[in-house]
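All remarks here apply to the structure that follows.
Bear in mind that the values in this text are calculations on the coordinates, not laboratory data. Because the structure is a prediction, the values reported are computed rather than measured. Here the Cβ positions follow ideal geometry from the backbone for every residue, glycine too, while neighbour counts run over all protein chains shown.
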Amino acid sequence: MAAAQEVLLLVGRLNYVWTNTESLLIYIIAHLLKVDKESAIIVFLTLNTTRARIDLTERLAKLPATPPETRDQVLSITERLKQQSKMRNKYNHCIYSFDEQGEISSTQLMRLVEGEKEIRYGKVEQLDAREMTRLENAIREITDISKALWSFIRSRPNFDERLI
């Protein structure tokens, strides 16, 4: 069982690093589409899900006109981002269960899983020390992804720091 304040602090940090990292896709989209930042922001905000933004970025990277090195770098980064989106989605779309002391004991996912003859929902997972470590590791990995995105962005020949 985890202290509610500690969990909420980590979930807040997870959301903070995620939002900042996902917004860097604006620069990748601008680069791949060869448009200005404002146009890329409109494209980014028009796509209202993380999945759609990542899909667009990957599809643009796979175009024949994209240099292989750029394609490989972008796809590597987006793959890492997709892996971490699972943790972000889990903690943004769950219900927390509390024990008698008011500590968070588990999460229950608010997602349907449909089989051939049954439907399940609400997978329950314990929020123990191991899970807290996974959450901290996800925050570190998303921070590293952000650094990789910045490195890629700054390495572009026409990148202008004043546009940030």
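Miscellaneous remarks
- Sorted by Cβ neighbour density within 10 Å, fewest at the top, the residues M132, M87: M132, M87
- Helical mean residue ellipticity (222 nm; -39500 (n - 2.57) per DSSP H run of 4+; nearest 500) of the chain: -21000 deg cm²/dmol
- Exposure rule at most 16 other beta-carbon atoms within 10 Å, DSSP loop trypsin sites (Lys or Arg not before Pro): the chain longest free segment: 63-110
- Above-threshold pairs, the threshold being 30 Å between Cα atoms, out of K86/K147; K37/K62; K37/K123; K62/K117; K34/K90: K37/K123; K62/K117; K34/K90
- Of the GluC sites (Glu not before Pro) in segment 80-164, those whose Cβ has at most 11 other Cβ within 10 Å and which sit in DSSP loop: E100, E116, E118
- Computed on the chain, with alpha-carbon pairs under 8 angstrom and 6+ residues apart, the relative contact order is 29 percent.
- Of V43, V113, V35, the one that fluctuates the most in a GNM where the chain has Cα springs shorter than 10 Å: V113
- Shape of segment 16-99, Cα gyration tensor, a/c cut at 1.5: prolate
- Rg/Rh for segment 7-164, where both radii come from Cα atoms and Rh is the Kirkwood radius: 1.05
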